[in-house]
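Below is one structure; the comments refer to it alone.
The values are calculated or read from the model by the stated rules, or taken from the named source; none is laboratory data. Note that the structure is a prediction, hence the values are computed from the model and not measured. Quick reminder, even Gly has a Cβ in these numbers, built from the backbone with ideal geometry, and neighbours come from all protein chains shown.
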Amino acid sequence: MDIFLEFLKTTGFANMTWGNAMMIVIGMVFMALAIIKHYEPLLLLPIGFGVIVGNIPTIAGMTCGVYDQGRLVMGEDGIDYVPGSVLSYLYYGVSQGVYPPLIFLGIGAMTDFSTMLSNPKLVLLGAAAQIGIFLTLLGALAIGFLPAQAGAIGIIGGADGPTAIFLASRLAPELLGAIAIAAYSYMALVPVIQPPIMKLLTSKEERLIRMAPPRMVSKRERIIFPVAAFLICTMIAPGSLVLLGMLFFGNLMKESMVTERLANTARTGLIDIVTILLGFSVGASTEAQTFLRHESLLVFGLGAISFAVATAGGVLFAKFMNLFLVEKINPLVGAAGVSAVPDSARVVQMVGQQEDPDNYLLMHAMAPNVAGVIGSAVAAGVLWSVLGL
């Protein structure tokens, strides 16, 4: 009976806290959204299950969680090394910013910049959407966050999970879990968050605007672009070197058509493996004892504001551009300036076809969408350069 009672003390039921239970429910909600609503299932399903794994209580001395890292201890025969948990080694790719560049490599290998190159003025919409990052930074500073923390929180407005993780690992590792979950949550909820903002800021007549088909872009332009864009962007923001280097390298492999096998690996097997490890590790980092803090709630609130402002910034700037353009831009396209590729572009297509089923905006929306990926990486590089030193 004594052995049985001791066993009961080691079970998850005996050590469960209300925080662990709440996080497990949140993990189940994430999985339900992925399975039932199809909200970014490739992200929410690994994250949701990771949240459950990270909140199963263990007893003291068991190295199971992502925070149980290897350490040196003083033993009888000198200093001994106690290995960390398996999850801590998987989480190393998150905490040290290893996974995000690999994700960018795969994104580059599957991205077509032709639409953006055919209509360069749409790049401005991707730049305008980054206003959410800098306004949220100011808001975070106003409520008491340190400058580095404010910069890491602001990048959520770019709706780019890998960039948010990379910057948080450099500027505010103590907020990494909250920032990662917030960024990926808002990416998954693009179809819910963006349409009301888009409809509020545009009239029916504006949503009915049809845009001319994009021109054909030559192979030479597509090959020159990743090299030229990399040089320009990294000269402006050297801190974006790693992310944009991998993004444009992946795109060059695709467009050159001489390394198709490598490009295919990057956009299929590699990005799938890294997505699994990244999502699961991020989810497992939400252990209630370290995740449920006042700062985490503020991060989620500021992240929502940042995402909404970024969406509005793209739409309003498109309306501003129309004051000077002969060929008008459908303002809905501006909402795709956030870098949630390709979900925000699909939302633009969906909202546009609610007004006119024969209006095809997807290809036009991909231009500011991929420009937003570049813009958020450049913004992260600027913030790292300014706030990380």
Please name all residue pairs, on different chains or six or more residues apart, with Cβ atoms under 6 Å, provided the first residue is in segment 119-145 and is closer than 18 Å to F300 by Cα and in the same structural domain as G381 (by TED's automatic domain parsing) and the second residue is outside any helix (DSSP H, G or I) and among the polar types (S, T, N, Q).
none
Looking only at segment 303-316, and only at residues there that are touching a Ser or Thr at 6+ places or on another chain (Cβ under 7 Å) and buried (at least 24 other Cβ atoms within 10 Å of the Cβ), the one that is modelled with the highest pLDDT
V315
Selected residue [β-branched (V, I, T) and either under 21 Å from the mean Cα position of the chain (by Cα) or at pLDDT 95 or above (or both)] from V348, V326:
V348
Report, by residue number, each residue of segment 313-367 that is β-branched (V, I, T) and either part of a helix (DSSP H, G or I) or without any contact (Cβ under 8 Å) to a residue 60 or more places away in the chain (or both).
V315, V326, V333, V347, V348, V351
Segment 31-68, residues that are outside any helix (DSSP H, G or I) and over 22 Å from M16 (Cα atoms)
K37, H38, Y39, E40
Filter segment 317-326 for residues that are over 20 Å from Q353 (Cα atoms) and of a type outside the set (S, T, N, Q); the one that is surrounded by the most Cβ atoms within 10 Å (Cβ to Cβ) is F317
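Mind listing just one residue for me: the one in segment 254-289 that is more than 19 Å from the chain's Cα centre (by Cα) and under 21 Å from G27 (Cα atoms) and, of those, surrounded by the fewest Cβ atoms within 10 Å (Cβ to Cβ)?
Checked segment 254-289; the qualifying residue surrounded by the fewest Cβ atoms within 10 Å (Cβ to Cβ) is Q289.
For segment 28-70, which positions are of a type in the set (F, W, Y), surrounded by 23 or more Cβ atoms within 10 Å (Cβ to Cβ) and either closer than 14 Å to S281 by Cβ or modelled with pLDDT under 90 (or both)?
none
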Cross-chain or 6+ apart pairs with Cβ under 6 Å, segment 268-294 first and part of a helix (DSSP H, G or I), then of a type outside the set (A, V, I, L, M, F, W, C) and at pLDDT below 90:
F291/G177
